[in-house]
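The values are calculated or read from the model by the stated rules, or taken from the named source; none is laboratory data. Just so you know, these numbers come straight off a predicted model, no measurement behind them. Note: ideal-geometry Cβ built from the backbone for every residue, glycine included; neighbour counts use all protein chains shown. Note: accessible area is taken over every heavy atom of the protein model, side chains too, but ligands, DNA and RNA are not part of it. Shrake-Rupley method; radii C 1.70, N 1.55, O 1.52, S 1.80 Å.
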Amino acid sequence: PQAVASFLRNLDVFVLLTRTTGSVREQFGRVIVEAQSCGVPVIGSECGSIPAVIGTGGWVVPEKSPESIKRCVLHILATPEELKQRGKAGLENVASRFTFRVVAQTLAACWHKAFEARLGRRK
């Protein structure tokens, strides 16, 4: 784990360009959270849940669009301050949505709501 975090911290940006296929559609993209927790913004494709996980901590490009990736990279090179801002936004994204505590609280709330709904149907 330490070696991965060390590697990620040395990146300017992390790129995850998963493509939707007949058997692949990104379900979560945990590596997005790993990169953002190291302060590294993410460029991700529109595949599956990638855009929702990235939030404001990066950029989303269309699948199978090299031209869009090129424009995104050129934009990042031209706006280094935005790169820093997206890195900070990624840290905030992880802290507000993906810590163990937040995930546990969200799950508990969902389970409680489901339990209450089930009780309501039994009456």
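Some observations on this one:
- Charge dipole of the stretch 14-104 about the Cα centre (unit charges at C-beta), most positive-ward option of LEU74, GLN36, THR56: GLN36
- Extension gain (nm, one decimal) between THR21 and GLU116, 0.36 nm per residue minus Cα-Cα: 30.4 nm
- Amide H contacts of GLY58 (H built 1.01 Å from N, in plane; Pro and chain starts excluded): VAL42 sit under 5 Å, all sequence-distant by 5 or more or on other chains.
- Qualifying chymotrypsin sites (Phe, Trp or Tyr not before Pro) in the stretch 1-94, DSSP loop, other Cβ atoms within 10 Å at most 15: PHE28
- Close amide H pairs (under 5 Å, H built 1.01 Å from N) link LEU16 with ILE43, GLY44, SER45, residues at least 5 positions away or on another chain.
- For the stretch 21-85, the fraction of 1.4 Å probe accessible surface lying on carbon and sulfur atoms is 58 percent.
- Result for the chain in a Gaussian network model with C-alpha springs under 10 Å: among GLY22, GLY58, GLY87, the largest mean-square fluctuation is at GLY22.
- Net charge dipole size for the chain [Lys, Arg +1 and Asp, Glu -1 on Cβ; Debye, nearest 20]: 720
- Most positive-pole-ward Cα, ALA109, VAL94, GLY120, against dipole of the stretch 80-121 from beta carbon charges: GLY120
- Fully extending the segment from VAL102 to GLU63, taken as 0.36 nm per residue of separation minus the present Cα-Cα distance, adds 11.0 nm.
- Lysine pair number, Cα distance threshold 29 Å (strictly under), the stretch 58-123, separation 8 or more or different chains: 5
- Backbone HN-Hα couplings from phi across the stretch 112-117 [Karplus 6.51/-1.76/1.60, Hz, Gly and Pro as x]: 5, 4, 5, 5, 4, 5
- Integer Hz, Karplus 6.51/-1.76/1.60 couplings in order for the stretch 21-33, x for Gly and Pro: 10, x, 10, 10, 8, 3, 7, 8, x, 3, 4, 4, 5
- Taking all protein chains into account, the per residue accessible area for the chain stands at 67 Å² (1.4 Å probe).
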